[in-house]
Structures are given as structure tokens and as C-alpha cells.
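Okay, so here's the structure we're looking at.
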Amino acid sequence: MVETALLVSVLGVVFAVSIPTFLRALRSSKIAEAPRELQRLHLSVQSYYGTTHRPTEDGPMSLMCLPPGAGPTPAQASMDPVEVRFAEAPDPEGATWRALAFEPDEAIRFRYSFLPSTSGCSLGGKAGDEPVNVELRAEGDLDGDGNHSRFSRHVEIHDGNLEPSPLLSVDQRVE
């Protein structure tokens, strides 16, 4: 009887220590997706902006371009990871995701948005031009309660340079 009580006590202590640690690790793994994919989206925007484009078939080649805004894609966030093909989203969002060549490598829980203050070419190319602001956003409902965690990365185009904010903005990290 004493041995059984001792075994139950030891198991109770092990579970009391390991379950909160496990839950924290699980929550951290869910949250890690958003910053990782926002960084990838930022690199896609940076690559697109630095590439030469032909805005119309007959028009001259242009630099410093941004496609129109897109998202949120997918339309609904999911508690469980889902496979989403951004390039297959209905146009115009699908066209923007294809132009940016943004496609998550794995199943995702968050929905992503690309939100430029303006789109087109020759953006922020001259001194004195108004800066162009771009918000890259990830929103997710990690526990199914209807509240969303929101992660944002901001980029500003000023004097022809794409300048990312070093900070990742987070609203309701663990909602």
C-alpha cells in the first residue's frame, strides 16, 4: 500500500511538471509559424520589388514595382494545420501570390495578407515622394475561441529603398 502511494505521488509530480512544459512547447510551435512565414513573405516582396517588370505588353520595362494587395488567404484560419495553395487562390489574390512567388512549404494554421498602401511601378523612386507602406500580416485562431492572434511585419519604401521594420508587431500572441 505504501509503495503504491509512493508510486502515485511520484507520477503526480512528474505529470505536474511535464504537462505545463509540454503545453508551452506546443503553443510555441504553433506560434512559430507566423514569424517564419512573414519573413519568407518579406523576402518574396523584396525580390519582386527589385526585379524588372513590364507593366503592359507594349510598355517600357519598369523597376520598383509592387503587385496589388492580397488576402487574407486562406479565408479562414484553422486550429489544425491545413494545406493551402496560395497560387491557386481565386484571382486577383491568386495573381498577387503567384507574382510574389509566395507559397508556404508546409501546412499552415494562420491566414496571410499582403497589404501595400499603393501598387504599381516606380514606387518611392524619387526624393520627396511619399513613402509606400506595406503590411505583411498573419492572423490565427489557435484555440478555436474566435479570438485571433495577429502578427505584422511592416516595410516602407522610401527613396527607392525597401526598408523593413526590425520589429515584429504582435497583438494577442496567445489570444
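The values are calculated or read from the model by the stated rules, or taken from the named source; none is laboratory data. If you're wondering where the values come from, they're calculated on a predicted model, not measured in any experiment. Cβ: placed from backbone, ideal geometry, glycine included. Neighbour counts: every protein chain shown.
Which one of the conditions (1) surrounded by 11 or more Cβ atoms within 10 Å (Cβ to Cβ); (2) among the aliphatic types (A, V, I, L, M); (3) free of Cβ contacts under 8 Å to residues at least 60 places away in the same chain does M64 fail to meet, given that it meets all the rest?
Looking at each condition in turn, M64 falls short on (3).
Just to be sure, is S62 hydroxyl-bearing (S, T, Y) and within 15 Å of the chain's Cα centre (by Cα)?
Spelling it out, it is not the case that S62 is hydroxyl-bearing (S, T, Y) and within 15 Å of the chain's Cα centre (by Cα).
Of all residues being free of Cβ contacts under 8 Å to residues at least 60 places away in the same chain and either surrounded by fewer than 12 Cβ atoms within 10 Å (Cβ to Cβ) or in contact with a His (Cβ under 7 Å, 6 or more places away or on another chain) (or both) in segment 69-86, which is nearest to L142 (Cα to Cα)? Just the residue, please.
D80
Can you find a residue that is among the hydrophobic types (A, V, I, L, M, F, W, C), out of contact with any His (no Cβ under 6 Å at 6 or more places or on another chain) and under 19 Å from A34 (Cα atoms) anywhere in segment 153-166?
yes
Tell me which strands (runs of 3 or more DSSP E) are completely within segment 94-175 and hold 3 or more residues being surrounded by fewer than 16 Cβ atoms within 10 Å (Cβ to Cβ) and out of contact with any strand residue (DSSP E or B) (no Cβ under 6 Å at 6 or more places or on another chain), or say none if there are none.
Qualifying strands (runs of 3 or more DSSP E): 161-171.
Which one of G128, G124, G160, G144 is touching an Asp or Glu at 6+ places or on another chain (Cβ under 8 Å), modelled with pLDDT under 90 and on the phi > 0 side of the Ramachandran plot?
G124
Return the residues of segment 70-106 that are within 20 Å of E135 (Cα to Cα), touching a helix residue (DSSP H, G or I) at 6+ places or on another chain (Cβ under 7 Å) and of a type in the set (D, E); say none if nothing qualifies.
Across segment 70-106, the qualifying residue is only E103.
Looking for something out of contact with any helix residue (DSSP H, G or I) (no Cβ under 7 Å at 6 or more places or on another chain), within 18 Å of Y48 (Cβ to Cβ) and free of Cβ contacts under 8 Å to residues at least 40 places away in the same chain - is there at least one such residue anywhere in segment 135-152?
Yes, because at least one residue in segment 135-152 is out of contact with any helix residue (DSSP H, G or I) (no Cβ under 7 Å at 6 or more places or on another chain), within 18 Å of Y48 (Cβ to Cβ) and free of Cβ contacts under 8 Å to residues at least 40 places away in the same chain.
When you check A32 against the structure, is it modelled with pLDDT of 85 or more and loosely packed, with under 11 Cβ neighbours inside 10 Å, yes or no?
Yes; evaluated as a whole, the condition is true for this residue.
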